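Participant: The structure under discussion is supplied below as structure tokens; questions concerning it will follow.
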Amino acid sequence: MTVTNSGGGYLRWLDLDVTRWRADATCDLSGLFCYIRDLESGTTWSNTHQPVRFPERRYTWSFTPDKAEFRRRSGPCETITEIVISAEDDAEVRRVTLVNTSRKPCRLELTSYIELALAPHRTDRAHPAFNKLFIETEWLPRSEALVAGRRLRASDDRPVWAAHLMVPESVIEVPEFETDRAKFLGRDRTPENPEALTRRLTNSVGAVLDPMFSLRRRVTILPNQRFQFALVTVVADSREAVVTLAGRYSEFHTCARAFETAWTHSQLEMRRLHIRRADVQVFQQLAGLIILPQAQLRPPPGRLGRRAEGQRALWRQGISGDLPIVVVMIGHLRDMEVVREILTAHTFWHLRGLKVDLVLVSEEVASYDEPLTDNLRRLTEAQAHLTGVDQPGGVYLRSATKISKEELIALQAAARMVLVAARGTLGQQLAASAPAAAKPRQLLPGRQFREEPLCASGFHGTEILQRPRRLYRGREGIRHLSGAGPTYTASLDQYHGESEVRRIDFRVRRGMCLGPQ
């Protein structure tokens, strides 16, 4: 599971994307979201900043080794969201706490939203419309869960099933549900303003064209009281297994147990890797630069622009280029501590499901005795027992003297992150490379334009209508111009939708619109 500070992200099981995701740091509209609507005032916000982006009075987030936590204050409530991965099952649990800070009861409508993929990332990205045709959804009344499975296209396909639940801490009304994304969003709408928030859900299941998960419940919270519910997503390799998991997590106390097991598992993991909480935060920040590529910790564009070779240069080094690449440049034995740190981070990413090709480039001068390369080889073999050496997702040790200049530039250009061991620890390099907030250059018009007044039909009077030879004939433009002298009669074809055409006749005198004919 990956989540950003605005609430976007994705859920992945083994090598399959459970939720649809694109590496778009600008929009960040992928992930599991929850809409909260006040039925009295009609105000709508989400448990995180995405997708509604409603102005919040306060918004904070924190990422700890065991969970991610978001706090926001919008509308009459304070919303607290905690996200963990269960250490016992393949389940993601999001516990949402709503605190009524107003002086009167508030009646809220809670609606979840997940866009399904259930396929390898490359497959879903290559043809998402075709990929959606193989997913079928169903409703489990006993556990009040939505279930989706993928029909196998070949004998070697991995079976995958997913279920989604909204589990309240106390018994409330039966939920509504939706599995058709087109019906949920509506025409020409996005997850920021779905049409389903203004009407009831259709309770449709089956082989829909655009599958998704959405559950809705309504609750009333008294003043100074709180209400908790959990959004659970479970994944398994068979329908029987996912139905069993859905039944288990339909109890709220099971969802609460997931937070306890996640904390215990994170403590054991930190002790096993001999790392501290501050190290985990640095590893997570570096992982963010790998998942969402940015210019930070990369060579300057001028150097990368000189590359002449592409992925073939990586193949000659035994690197496929299918996974994200992290390059570490080291030239002296005194910088071995940085290599130990990045090897630990690489193991941490591997345990969290993030596969990365780590390339260690030794800049030692070629000679009969190469102490730096020998130490790097021993350190790599000792710490890369989980990730492997010279294999996808593992560690690659290469010498700069045995790589051509063009191949080294191609390797650095393909890397999501290039670290130089001589620049200090990972935390120091991350802090030193923080980009300054550069303001865009203000664009000033080259000449002043005079705004013409609107005519009665809503069109601008413009001088171009006095010169028939310079008329622009576009999809919505002037089709006919008649008359002599200072007054002209013009006709304009206005298109509505795909086929409807409406013709408007109006009079123009000396460049000014005089109104409809």
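Participant: What whole-number value in cubic angstrom gives the convex hull volume per residue for the C-alpha atoms of the stretch 139-278?
Facilitator: With only Cα atoms used, the stretch 139-278 gives 203 Å³ per residue.
Participant: When you have a sec, figure out the Kirkwood radius of the stretch 258-319 from all distinct Cα pair distances and drop it here in Å to one decimal?
Facilitator: Kirkwood radius, the stretch 258-319: 15.3 Å.
Participant: Where the convex hull is taken over the Cα atoms of the stretch 347-394, what is its projected area averaged over directions, in nm²? Walk me through the numbers before you get to the answer.
Facilitator: Numbers: hull surface 14.3 nm².
Projected over every direction and averaged, the Cα hull of the stretch 347-394 covers 3.6 nm².
Participant: How many Å³ per residue does the convex hull of the Cα positions in the stretch 178-240 occupy?
Facilitator: Cα-based convex hull of the stretch 178-240, divided per residue, equals 148 Å³.
Participant: Name the shape class, rounded, prolate or oblate, that the alpha-carbon gyration tensor gives for the stretch 28-109, where a ≥ b ≥ c are the square roots of its eigenvalues, rounded holds for a/c under 1.5, and otherwise prolate holds if a/b is larger than b/c and oblate otherwise.
Facilitator: prolate
Participant: Let me ask you something else. Over the stretch 206-259, with a single point scatterer placed on each C-alpha, what log10 of the ratio I(q)/I(0) does the Debye formula yield at q = 0.24 1/Å?
Facilitator: Here log10 of I(q) over I(0) equals -1.11.
Participant: Find the accessible area per residue for the stretch 57-98; the probe is 1.4 Å, ligands and nucleic acids are left out, and the unit is Å².
Facilitator: Accessible area per residue, the stretch 57-98: 35 Å².
Participant: Considering all alpha-carbon pairs of the stretch 342-437, what whole percent are spaced by more than 16 angstrom?
Facilitator: 63
Participant: Can I ask one more? Pull up the cross-link candidates among the lysines for LYS132, meaning alpha carbon to alpha carbon under 30 Å and not fewer than 8 places away within one chain.
Facilitator: List returned: LYS183, LYS355.
Participant: Would you check the accessible area of GLU381, probe 1.4 Å, heavy atoms only, in square angstrom rounded to 10?
Facilitator: Its heavy atoms expose roughly 120 Å² to the probe.
Participant: While we're on this one: What Kirkwood hydrodynamic radius do you get for the stretch 249-352 when you take the inverse of the mean 1/r over all pairs of distinct Cα atoms, in Å?
Facilitator: About 17.1 Å for the stretch 249-352.
Participant: Still on this structure, I have one more. Once Lys and Arg get +1 and Asp and Glu get -1 on their Cβ, which of SER170, LEU185, PRO159 lies farthest toward the positive end of the dipole of the stretch 96-231?
Facilitator: Result: SER170, furthest along the dipole toward the positive end.
Participant: Then there's this: Given the whole protein assembly as supplied and a 1.4 Å probe, what does the accessible area of ASP90 come to in Å², nearest 10?
Facilitator: Accessible area, nearest 10 Å²: 80 Å².
Participant: Now a separate question. Counting only heavy atoms of protein chains, what accessible area per residue, in Å², does the stretch 121-232 have with a probe of 1.4 Å?
Facilitator: Normalised by residue count, the accessible surface of the stretch 121-232 is 50 Å².
Participant: Trypsin sites (Lys or Arg not before Pro), restricted to the stretch 124-186: which are DSSP loop and have at most 14 other Cβ atoms within 10 Å?
Facilitator: Numbers: sites: ARG125, LYS132, ARG142, ARG150, ARG151, ARG153, ARG181, LYS183; in loops: ARG142, ARG151, ARG153.
Answer by residue number: ARG142, ARG151, ARG153.
Participant: How would ARG103, ARG416, ARG277 line up by accessible area, probe 1.4 Å, largest first? Don't skip to the end; give the middle numbers.
Facilitator: On the way: ARG103 235, ARG416 70, ARG277 130 Å².
Sorted by accessible area, descending: ARG103, ARG277, ARG416.
Participant: Pick out, from PHE130, LEU32, LEU108, the residue whose Cα sits farthest towards the positive end of the charge dipole of the stretch 9-141, with +1 on the Cβ of Lys and Arg and -1 on the Cβ of Asp and Glu.
Facilitator: LEU108
Participant: Compute the distance from the alpha-carbon center of the stretch 30-49 to that of the stretch 336-384, in whole Å.
Facilitator: So the separation of the two Cα centres works out to 46 Å.
Participant: Give the accessible surface of the stretch 286-390 per residue, rounded to a whole number of Å², with probe radius 1.4 Å and ligands, DNA and RNA excluded.
Facilitator: 50
The values are calculated or read from the model by the stated rules, or taken from the named source; none is laboratory data. Because the structure is a prediction, the values reported are computed rather than measured. Virtual Cβ from ideal backbone geometry, glycine too; neighbours counted across all protein chains shown. Please note that ligands, DNA and RNA were not included when accessible areas were found on the heavy atoms of the full protein model with its side chains. Shrake-Rupley method; radii C 1.70, N 1.55, O 1.52, S 1.80 Å.
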